Amino acid sequence: MTAPIEISTHGAIGLIRFTRPPVNALGVAMRAAIAEAHQAFEADSRIAATALTGDGRLFSAGADITEFDSGRRSPLLTEVIAQLEQGRKPVIALIDGIAFGGAFELALGCDYRYALPGARLSFPEIRLGNIPGAGGTQKLPRLAGGPAALELILSARVLSAEEALALGIVDAVLPDLNAALAHLAAEVADTLPRRRLIDREVAGPQDALDEIAAPFLRRARGAPATAAALEAVRRAHTMPIAAALDWERETFRRLNTSPEARAQRHLFFAERKAAKVADLPPGTEARPVDNVGIVGAGTMGRGIAMAFADAGLPVTLVEQEAERLDAALDGIGRAYAQQVARGRIAEDAARARTGRISGTTDLAGLAQADLVIEAVFEAMEVKREVFAALDRVAKPGAILATNTSTLDVNRIADATGRPEDVLGLHFFSPANVMKLLEVVRAARTAPDVVQTAMTLGRRIGKVPVCVGVCDGFAGNRMFINFNREAQILVEEGALPWQVDRVFTEWGLAMGPFAVMDLAGLDVGYRIRQARAAGRDPAEPYPFTAADRLAEAGRLGQKAGRGWYTYGEDPRKGIPDPEVEALIAEVAGEKGIARRAVSDEEILHRGLWQLVNTGGYILGEGIAQRASDLDVIFTSGYGFPRTRGGPMHTAEVYGLARVVAEIERFHAAHGRHWRPAPILLDRAASGAPLDAGG
Ligand code: COA
């Protein structure tokens, strides 16, 4: 392993440059090297000040998150920062790239901070279920004021060099490292005075703190880090710094072992693992994608077009009829105007994004597209026709993708003479907002096509996860079984609003019945009708109540009535006695004696249905890793990040306990609870689901 830092001198400046791939994380070796180099510069009479800098892209990604579960090792970051502060000579941070978390705190432990143009500063700790723990909550308020500091800590917003300058966080923005060193050499000749933040008071009032924290506290739903951040910044205003730093450090340690922090760390690494496809030949290169074609300008097509335009890629949208095409382009223009009105993007950004999307009614307009995504009506024959036509017009090497959520991608690929160029790109609605992208690898998809989709997914800000072909792929296959279980619970005696309450209290963004009302009850109804002939009569059919609601025109929010009724607030469902009566009637017809179902049973049957289905998906090789399923549920299905995803939830609960409950449900409720072999295996051996991966 190469040395974690490089040392050089520039006149009277001793420079420590971080050189630890991949992200200059402040692991123990790096901390020890910084401490040692600083000590040497302190002792060297030719050196007047120490400067810290990174590799040009990254100053440093902050604390080494891989060390968080393995116990503390000296020198701690707090100790290194204290050493810089206690030294005789000034220390200067030359922030030349990303400075996140602990690296931002290291810079706050310096006397001076200069940013180079690529500097990016942020406290991402809240996303890891924690607060900054090496002085950030006390020193940032001393520079930027308590309210601004609190907002930055709670939002985890990334500041550019200019924003950091405007907030007083950096002293100047300098054009490059040489200019910075030259500037320092000149200043140091004049002897730079010490200027430690620990010697300063927090300026400005603290009354705005509660108001700033309020929306974050609401969204955090009791996750402890948000309240702790507020308390920490309050202490910056009210306590001597030494005592406040002790409190901050203790709080950081306590939160670090909280279930929420563990879950979010799990997701941090899970998302990065998900981006990798294990069995691609080494060195597989992505194909270049500089422009994108989209066939079908409905809701999905428009959202996908916006997702690419947002990321700077030109898009050609194809729709058969001119009128529909115009309506789609108008709709996109309106959607961007709305984003401007809400203050989400600037007007010139909206203009640029709209300008990247052009339309045509002629499929031949996609002859030069590097990637074409089909988003037409969800019917096999329609899709096969589109792909046969694309096969005729697309240039050799173009990637042809389908946005199907249910259909067999292999059959779609077979409609072309180049199945190796075909795969599924399953976006989630609204496609320009939702992070999840299921990259569906068909039997003959070429490795470089998979690689391109994964790389491109990240480039457009999505969380891509590679899955195989099966009904519903990974996410919907699990979610459909969860939904079905919710309806079985209702037949047995629960009520829709009880089920929804249990899951939202547990942390899901919405309960399953509220989701059905939002999506429209006609969606599931039509799919069930289409599949009625192929249904296995031995399987229970818990959708009778849903079918009758749909047949009665109770289609959900859009009809003002579904599982709930909707009053003045068209999004807020009100429990409806008519629905309760219908459920009782259906149960009566089926001879089900309704009983009180406990909240705990509802929770466990919903969760373990997800987990058991996930087990089958893993066993069949549809997903590469259990952690990929966690990524899918937290980025595409409103599963709370503080719970880490369904598979993580099961592992924390204990796989053996989960399997014991699944076996009990199997005995009581029949074969849709047959335990997945991989769960039985891991419960017996005690190995984690991702053993070895
Ligand atoms: N500690 C340990 N490992 C880290 C890390 C950290 N703080 N930050 C990133 N890594 C690892 C990743 O796990 C990944 O490892 P892998 O290649 O084995 O999968 C690798 O570094 C590259 O990270 P990635 O996120 O894929 O690179 P990027 O260039 O897209 O983004 C960052 C770089 C720094 C913006 C991003 O990694 C990040 O936000 N890191 C977290 C920073 C953070 O939360 N710091 C505060 C800690 S208290």
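The values are calculated or read from the model by the stated rules, or taken from the named source; none is laboratory data. The model shown is predicted, which means the values in this text are computed figures rather than measured ones. Neighbour counts run over all protein chains shown; Cβ positions are idealised from the backbone, glycine included. Areas reflect the complete protein model, heavy atoms only, side chains present, ligands, DNA and RNA absent. Shrake-Rupley method; radii C 1.70, N 1.55, O 1.52, S 1.80 Å.
Summary of computed values
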| read-out | value |
| --- | --- |
| Sites residue 32 and residue 156, calculated FRET efficiency, Cβ-Cβ separation with R0 30 Å, nearest 0.05 | 0.60 |
| Longest segment of the chain lacking GluC sites (Glu not before Pro) that sit in a DSSP loop with at most 13 other Cβ atoms within 10 Å | 322-567 |
| Three-way shape label, region 44-188, alpha-carbon gyration tensor, a/c 1.5 | oblate |
| Fraction of accessible area attributable to carbon and sulfur, the chain (%, probe 1.4 Å) | 54 percent |
| Förster-model FRET efficiency, 51 Å R0, residue 420 and residue 45, C-beta, rounded to 0.05 | 0.15 |
| P(r), alpha carbons of region 1-52 - 10 Å bins starting at zero, rounded % | 27, 51, 21, 1 |
| Net length gained if the chain between residue 221 and residue 364 were fully extended (0.36 nm per residue, minus Cα distance) | 46.4 nm |
| Shape call, region 1-88: gyration tensor on alpha carbons, a/c limit 1.5 | oblate |
| Cβ-placed point charges (K, R +1; D, E -1), dipole of region 292-471 about Cα centre in debye, nearest 20 | 640 debye |
| Two-decimal ratio, region 558-693, of alpha-carbon radius of gyration to 2.2 N^0.38 Å | 1.28 |
| Dimensionless Rg ratio for region 551-592, taking C-alpha atoms and the 2.2 N^0.38 Å reference | 1.29 |
| Only Lys, Arg (+1) and Asp, Glu (-1) charged, at Cβ; the chain dipole about Cα centre in debye | 640 debye |
| Separation in nanometres of the label points that stand 7 Å from Cα toward Cβ, at residue 323 and residue 471 | 3.8 nm |
| Inter-site label distance for residue 669 and residue 187 at 7 Å from Cα along Cβ, in nm | 6.5 nm |
| Extension reserve of the residue 551-residue 249 stretch, reckoned as 0.36 nm per residue once the Cα distance is removed | 102.8 nm |
| Helix axis angle, 599-619 relative to the chain longest principal axis, alpha carbon, degrees | 90 degrees |
| Sites excluded, trypsin sites (Lys or Arg not before Pro) in DSSP loops with at most 10 other C-beta within 10 Å, longest stretch of the chain | 89-341 |
| Space enclosed by the convex hull of the alpha-carbon atoms of region 443-535, per residue, Å³ | 142 Å³ |
| For region 132-144, 3J(HN,Hα) per residue [Karplus equation, 6.51 cos²θ - 1.76 cosθ + 1.60, θ = phi - 60°, Hz, x = Gly/Pro] | x, x, 10, x, x, 6, 9, 8, 4, x, 6, 9, 10 |
| Compactness of region 153-280, expressed as Rg and Dmax over alpha-carbon positions, Å | 20.0, 59 |
| Convex hull volume per residue for the chain, taking Cα atoms only, in Å³ | 179 Å³ |
| Pairwise FRET efficiency - residue 509 versus residue 539, Cβ, R0 = 22 Å, nearest 0.05 | 0.15 |
| Anisotropy class of region 482-524 from Cα gyration tensor, a/c 1.5 cut | oblate |
| Region 525-607 - Debye-derived log10 I(q)/I(0), Cα point model, q = 0.18 Å⁻¹ | -1.01 |
| The chain: Lys pairs at Cα distance under 20 angstrom, eight or more positions apart or on different chains | 8 |
| Considering only region 5-257, percent of DSSP beta bridges that pair antiparallel, nearest 5 | 30 percent |
| Heavy-atom accessible area per residue - the chain, 1.4 Å, Å² | 42 Å² |
| Long-range amide H partners of residue 440 with built H, under 5 Å | 424, 425, 426, 467 |
| Extended-chain gain in nm, criterion 0.36 nm per residue less alpha-carbon gap, residue 527 and residue 86 | 151.9 nm |
| Value in Å of the Kirkwood radius, where region 5-257 supplies the Cα pairs that are averaged | 18.1 Å |
| DSSP bridge orientation in region 292-471 - percent antiparallel, rounded to nearest 5 | 15 percent |
| The chain: antiparallel DSSP beta bridges as a percent of all, rounded to 5 | 25 percent |
| Translational diffusion of region 292-471, µm² s⁻¹ [Kirkwood Rh, Cα pairs; Stokes-Einstein; 20 °C; 1.002 mPa s] | 133 µm²/s |
